[in-house]
Amino acid sequence: MLTKIVSDVASATPLRARLTERLREAIASGELPPGTPLRERHLCQALGISRTSLREALRALESEGLAVSVPHKGAIVAPCGKKEADDIYATRAVLEGLVAAQFADKASKKSRAELRHIADELAEIEPPLDGPGFFEIAGRFSATIMEGAGNRLAASALSSIYLRQRQLRAAGVGGERYMEECLRGMREIASAIDRHDAIATEAACHRHCANLLKIALSCLDEKSGSRTATPHKARRLSSGARDDAPDGADVRREKLPAGHSDIDEVA
């Protein structure tokens, strides 16, 4: 498997960049499952690379949250459980709410027209949903909002969040219920943006992420064989009503966690 990941590593693209991208994709797609040891000697022998190149790639993956260093054990593929899901959606709620509100406030006519076109595509979608096709549209939806908002810092952070979400989906978080919530949430966000209502847009993003977290926690419970509900975590994104939230929406401004997609597959 590892040989396939970097079988064409010799190319005009710098070795570290190609190696990082291949390992990144392997982790996000589930080829390298959460907790897999990233042993330097094994990887170097399997891939025919130097330890220097590998260490540079691993540092990049750690900065994106896809790998973590364990004392006395070295790097492993980052865990992907309830704690990680909670952090992922809490952070996504803050960043997406900010970026979408900025889009609603200041996006150009061209960007709005592009988003409206994608919203028209979303309006025509009916269950059952096609996974790859659906997430391709979802990726274009988010990419258009990020580009139109012009917040490069938030866009960079969100790209890492989306990679982690892909890893969650590969670990068993997804299915029809997840995609239906993605569709519903994007429609609501697009509607608020179309009204140029930044407050409603941010509120819609927070509700959307709260609902996705509930589904993610439920999927992880089912995968682990536990049927114990964990509603307290899901409420962290939506507890506490804001006085200025539209239609009584429950919205809370979360602080970014201390640590911290692909955009092609965002939802």
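The values are calculated or read from the model by the stated rules, or taken from the named source; none is laboratory data. The shown structure was predicted, so the numbers you read here are calculated from the model rather than taken from an experiment. Cβ: placed from backbone, ideal geometry, glycine included. Neighbour counts: every protein chain shown.
For region 18-68, which positions are outside any helix (DSSP H, G or I) and among the basic types (Lys, Arg)? ARG39, the sole residue that qualifies. Of the listed requirements (1) part of a helix (DSSP H, G or I); (2) surrounded by 20 or more Cβ atoms within 10 Å (Cβ to Cβ); (3) at pLDDT below 95, SER238 misses just one: (1). Hey, does region 126-139 have a residue that's among the aliphatic types (A, V, I, L, M), surrounded by 13 or more Cβ atoms within 10 Å (Cβ to Cβ), assigned by TED's automatic domain parsing to the domain that holds GLU176 and under 19 Å from SER160 (Cβ atoms)? There is at least one residue in region 126-139 that is among the aliphatic types (A, V, I, L, M), surrounded by 13 or more Cβ atoms within 10 Å (Cβ to Cβ), assigned by TED's automatic domain parsing to the domain that holds GLU176 and under 19 Å from SER160 (Cβ atoms).
Applying the selection to region 161-203, what residues are touching a Ser or Thr at 6+ places or on another chain (Cβ under 8 Å) and within 15 Å of VAL99 (Cα to Cα)? Those that are touching a Ser or Thr at 6+ places or on another chain (Cβ under 8 Å) and within 15 Å of VAL99 (Cα to Cα): ILE161, TYR162, ILE189, ALA192, ILE193. Among the residues of region 49-64, is any over 18 Å from the mean Cα position of the chain (by Cα) and among the acidic types (Asp, Glu)? Within region 49-64, one or more residues are over 18 Å from the mean Cα position of the chain (by Cα) and among the acidic types (Asp, Glu).
The one condition from (1) more than 19 Å from the chain's Cα centre (by Cα); (2) farther than 30 Å from GLY133 by Cβ; (3) at pLDDT 90 or above that ASP197 does not meet is (2). On inspection, ARG195 does not qualify as closer than 22 Å to GLU31 by Cβ and not β-branched (Val, Ile, Thr).
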